[in-house]
Amino acid sequence: MSDHKPVLVSGVKPTGDLHIGNYFGAMRQFVELTKEGKYRPYIFVADYHALNTMQDAEEMRRRTRELVMAYIAVGLDPERVVFFKQSDVPAHTELCWIFDTITTMPYLMRAHAFKDAEAKNNEISVGTFNYPLLMAADILLYDASVVPVGQDQKQHIEYARDTAEKFNRIYKSEVFKLPEPYIMPEVAIVLGTDGQKMSKSYGNVIPLFATREVLTKAVMSIVTDSSGARPENVYQIHKLVRSESDLQALYKEHEGSYKTLKEALIEDLDRYLAPMRDRYEELKNDPGIVDQVLQRGKIEARAASEAKMERVRAAIGVN
Ligand code: ADP
Ligand code: TRP
């Protein structure tokens, strides 16, 4: 169980239907990183983090399962990855509480996410305020060396480092290891059907597991304008699934014929996405697999985190 590989930890919130922007911008790098065999990876569904914004039991259950299926479908290997649900491992919230007791409010008030929420004049929940400390617990429980996240999460990794240092200092211990952020290289922003950043909130997405029919509809709706030599919005999506040298010839040959180019894009996207979509459909028809994966993940994550909690309890004197 404990080989000496550095540990990789990351969490994904089960919010939102996945689109190809999520895949090319995040999921694909995740799969690559955990495939290398360089790390011991722990990846979890951050359902307790999601609870701040998603408060519908049916939706929580459905999206959690969809997320697990999606990651398996795009190639995350549950044999190599400890893949689990945050809520299945009580040590996350337990350690979060302990961190609460050594953290000041002004320090948490400096979090960008908190300041953004405050600027929007939202009524902020205690859970949202405390978000960085639950995340610190997620990371520190497993002695993570690397935490792959998007740029927007960088500050949260700093909170985890500060919290580890503070705990170690107060309790004169070496219980926690300081994690390093691994900021996933900014993959060029994937653009949506309207030429803006693809995002579920803009209604401009190409769903990751779209059927051919849905793909066709989405591609046909791509906004084209005739100002340049080629339909830029079509090309930008096309280059995700086909080499630019191929595309230059193709776009030259069919200059001005947007319909032909869109048809070629449908064809290429469909070919690229079909294996993942098929795998996703298979998993939907075999729900036992998701249960098995989560069950195994839960056992392994509990064992690792309990061992750490023993040391934490001893350090603070509640053992
Ligand atoms: P959305 O913008 O649809 O709400 P999320 O914020 O849930 O997407 O993003 C989840 C992950 O997918 C993030 O790590 C983000 O970097 C990545 N991602 C989302 N949209 C894009 C995009 N258009 N291009 C590149 N990466 C993206
Ligand atoms: N906050 C992260 C996000 O919004 C999700 C997350 C929760 C996470 N816990 C984590 C990421 C621990 C890395 C490590 O994307």
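Among bridges DSSP assigns within the chain, what percent are antiparallel (round to 5)?
Antiparallel bridges: around 10 percent, rounded to the nearest 5.
What shape does region 11-58 take by its C-alpha gyration tensor, where a ≥ b ≥ c are the square roots of the eigenvalues and a/c under 1.5 counts as rounded, a/b above b/c as prolate, and the rest as oblate?
Because a/c hits 1.5 or more and a/b fails to exceed b/c, region 11-58 counts as oblate.
Just K172, K308, K35 to compare: in a GNM of the chain, with alpha carbon springs under 10 Å, which one fluctuates most?
K172
Sum up the charges of everything whose Cβ sits under 13 Å from the Cβ of N130, counting Lys and Arg as +1 and Asp and Glu as -1, but leave N130 out.
-2
Can you give me the angle between helix 258-284 and the longest principal axis of the chain, using Cα atoms only, in degrees from 0 to 90, rounded to the nearest 10?
Its long axis makes an angle of about 40 degrees.
What are the extents of the Cα atoms of region 57-119 along their three principal axes, listed from largest to smallest and rounded to whole Å?
So the extents along the principal axes, rounded to whole Å, are 42, 28, 24.
May I ask you to list the lysines whose Cα is less than 16 Å away from that of K38, ignoring any residue fewer than eight positions away on the same chain?
Leaving aside lysines fewer than 8 places away in the same chain, those within reach of K38 are K5.
Mind checking which lysines have their Cα closer than 16 Å to the Cα of K166? Skip sequence neighbours fewer than 8 apart in that chain.
Leaving aside lysines fewer than 8 places away in the same chain, those within reach of K166 are K177.
So how strong a dipole does the chain carry about its Cα centre when Lys and Arg Cβ are +1 and Asp and Glu Cβ are -1, to the nearest 20 debye?
Roughly 540 debye for the chain.
Roughly how tilted is helix 288-316, in degrees to the nearest 10 and between 0 and 90, from the longest Cα axis of the chain?
Result, in degrees: 30.
What trypsin sites (Lys or Arg not before Pro) does region 87-132 have in DSSP loop regions with at most 16 other beta carbons within 10 Å?
R110, K120
With every protein chain left in place, what is the accessible area per residue of the chain in square angstrom, probe 1.4 Å?
In whole numbers, the chain has 50 Å² accessible per residue.
All other residues with a Cβ under 11 Å from the Cβ of R313 taken together, and with Lys, Arg as +1 and Asp, Glu as -1, what is their net charge?
Details: positive: K308, R311; negative: E94, E306, E310.
Result for the local shell: -1.
On the protein heavy atoms, probe 1.4 angstrom, tell me the percent of accessible surface of region 200-281 carried by carbon and sulfur.
51 percent
Apply the Kirkwood formula to region 242-284: the hydrodynamic radius equals the inverse of the mean of 1/r over all pairs of different alpha-carbon atoms; give it in Å with one decimal.
Here the Kirkwood hydrodynamic radius works out to 11.7 Å.
Grab the alpha carbons of region 239-319, take their convex hull, and tell me the volume per residue in Å³. Walk me through the intermediate numbers first.
Working: hull volume 14.1 nm³, N = 81.
Looking at region 239-319, the number lands at 174 Å³ per residue.
Over all Cα pairs of region 200-281, how is the pair count split among 5 Å bins, expressed in % and running from 0 up to the last occupied bin?
Reading the bins upward from 0: 3, 15, 27, 25, 18, 9, 4, 1, 0.
Rounding to the nearest 20 debye, state how big the charge dipole of region 156-212 is about its Cα centre with +1 on each Lys and Arg Cβ and -1 on each Asp and Glu Cβ.
180 debye
Around Y159, under 13 Å between beta carbons, what's the net of Lys plus Arg minus Asp minus Glu among the other residues?
Residues near Y159 contribute -1 overall.
List the relative contact order of the chain as a percent without decimals, with contacts defined as Cα pairs under 8 Å and 6+ residues apart.
23 percent
Run the reach check for K197 against lysines, Cα to Cα strictly under 25 Å, same-chain hits fewer than 8 apart removed. What comes back?
Of all the lysines, those that pass the test against K197 - Cα under 25 Å, at least 8 places apart if same chain - are K13, K115, K120, K154, K217, K239, K259, K262.
Which one, S226, Y251, V214, is farthest towards the positive end of the dipole of region 200-281 when Lys and Arg carry +1 and Asp and Glu -1 on their Cβ?
Working it through, the farthest residue towards the positive pole turns out to be V214.
Looking at the chain from every direction and averaging, what is the projected area of its Cα convex hull in nm²?
On the way: hull surface 73.0 nm².
That works out to 18.3 nm², a quarter of the Cα hull's surface.
Just grab the label-to-label distance for Y171 and D225, each label 7 Å out from Cα along the Cβ direction, in nm (one decimal).
5.8 nm
Mind checking region 112-163 for GluC sites (Glu not before Pro) that DSSP puts in a loop (not H, G, I, E or B) and that have at most 12 other Cβ atoms within 10 Å?
Loop-located and lightly packed - E123.
The values are calculated or read from the model by the stated rules, or taken from the named source; none is laboratory data. None of the values given here were measured: they were computed from a predicted structure. Ideal geometry is used to build each Cβ from the backbone, glycine not excepted, and the neighbour counts take in all protein chains shown. Please note that ligands, DNA and RNA were not included when accessible areas were found on the heavy atoms of the full protein model with its side chains. Shrake-Rupley method; radii C 1.70, N 1.55, O 1.52, S 1.80 Å.
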